[in-house]
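Let me begin by presenting the structure, written as structure tokens, before commenting on it.
The values are calculated or read from the model by the stated rules, or taken from the named source; none is laboratory data. The shown structure was predicted, so the numbers you read here are calculated from the model rather than taken from an experiment. Positions of Cβ are generated from backbone atoms using ideal geometry, with glycine treated the same way; all protein chains shown enter the neighbour counts.
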């Protein structure tokens, strides 16, 4: 069984220091706090108004926090998955490892012009396995 990961809010990719501080000021100091407080559209809308940021920022941060729950993904690969089109643990659980690996490799080559930094097919399979385990808990 996979133990879920939880990270300090400031480690979430794409979050500026002032944004992380504003979230912390609201008591949202970890990725799990943010994920729980942003589960519904109404909650995300309230957070966006409170923080005076576009709601799409909150939605993105909540997606990243959700993906970060998987220990093999964490705050290291959650942004990569999001940019590859994965927007939930459920979607990741339903992904085919070869297809997702190909998407990620294309993204790496396109944005970084390097394939050698791409996670391995085994890493991608591990992400999917952990997502399946998490989905099985529900």
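Couple of notes before you dig in:
- Among (1) free of Cβ contacts under 8 Å to residues at least 40 places away in the same chain; (2) in contact with a helix residue (DSSP H, G or I) (Cβ under 8 Å, 6 or more places away or on another chain); (3) assigned to a loop (DSSP other than H, G, I, E, B) - the single one residue 116 does not satisfy: (2)
- Lone unmet requirement of (1) loosely packed, with under 14 Cβ neighbours inside 10 Å; (2) modelled with pLDDT of 95 or more for residue 117: (2)
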